[in-house]
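Down below is the structure, laid out as C-alpha cells.
The values are calculated or read from the model by the stated rules, or taken from the named source; none is laboratory data. Computed from a prediction, not measured in an experiment: that's the story for all the values here. Neighbour counts are summed over all protein chains in view; Cβ atoms, including those assigned to glycine, are modelled from backbone coordinates with ideal geometry.
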Amino acid sequence: MTTRSPRAAKANAGTKPFDLDAVEAEAVGDPFAFDFGGYTYTLPHVQDVDRKVLLGADRGDVGMMNTLFELGLGDDYERFNAQPMKLRSLEALFKAWLKHCGLEPGELLASTRS
C-alpha cells in the first residue's frame, strides 16, 4: 500500500489522481516495419516499450538493444536473431526506429531529465 505524507494528502484533497493506467492502455503511435533477410518485421512505437530497456539501449548498451528487439519482435525474434548481423547494422536499425518515432539517439535520456 502506498502512503502519503500529510502535506501531500492535503495538496491532493478533492482532486482526482492522475490515471496512469489509462495512459498505459492508449495506443501511442505507428509501428515501425523493416526488411531483413527476406522478411518484413514490425516493431511497436518506441513509446510502447519498457522504459528501462529503451533507456539502456539509448545509452548504447548492446545487450539492452538485443533485449529491446526481443521484446519488440515477440514471436519473430528467433528468426530475426538467427540472421547474422553486424553491430553497425543493429545500431542503424535502432536509429531508424527512433527516427520513425520522431526521436534522435540520446534524446530519450535527455528528455527524462527535463
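The table below gives the values:
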{"item": "Which listed residue, of 69, 36, is modelled with pLDDT of 85 or more and touching a strand residue (DSSP E or B) at 6+ places or on another chain (Cβ under 8 Å)", "result": "69"}
{"item": "Candidate set from the range 13-33 (those that are hydrophobic (A, V, I, L, M, F, W, C) and in contact with a strand residue (DSSP E or B) (Cβ under 9 Å, 6 or more places away or on another chain)); member that is nearest to residue 76 (Cα to Cα)", "result": "33"}
{"item": "Complete set of residues in the range 36-50 that are closer than 16 Å to residue 105 by Cβ and either assigned to a helix (DSSP H, G or I) or basic (Lys, Arg) (or both)", "result": "46, 47"}
{"item": "Long-range neighbours under 6 Å by Cβ, at least six apart or interchain, first residue over 11 Å from residue 101 (Cα atoms) within the range 29-48, second among the small types (Gly, Ala, Ser) and at pLDDT 95 or above", "result": "40/33; 42/33"}
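Table: residues versus (1) touching a residue at least 60 places away in the same chain (Cβ under 8 Å); (2) of a type outside the set (D, E, K, R); (3) under 21 Å from residue 30 (Cα atoms); (4) not in a loop (DSSP other than H, G, I, E, B).
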site: 64; (1), (2), (3), (4): no, yes, no, yes
site: 70; (1), (2), (3), (4): no, no, yes, yes
site: 76; (1), (2), (3), (4): no, no, yes, yes
site: 81; (1), (2), (3), (4): no, yes, no, yes
site: 88; (1), (2), (3), (4): no, no, no, yes
site: 94; (1), (2), (3), (4): no, yes, yes, yes
site: 97; (1), (2), (3), (4): yes, yes, yes, yes
site: 105; (1), (2), (3), (4): no, yes, yes, no
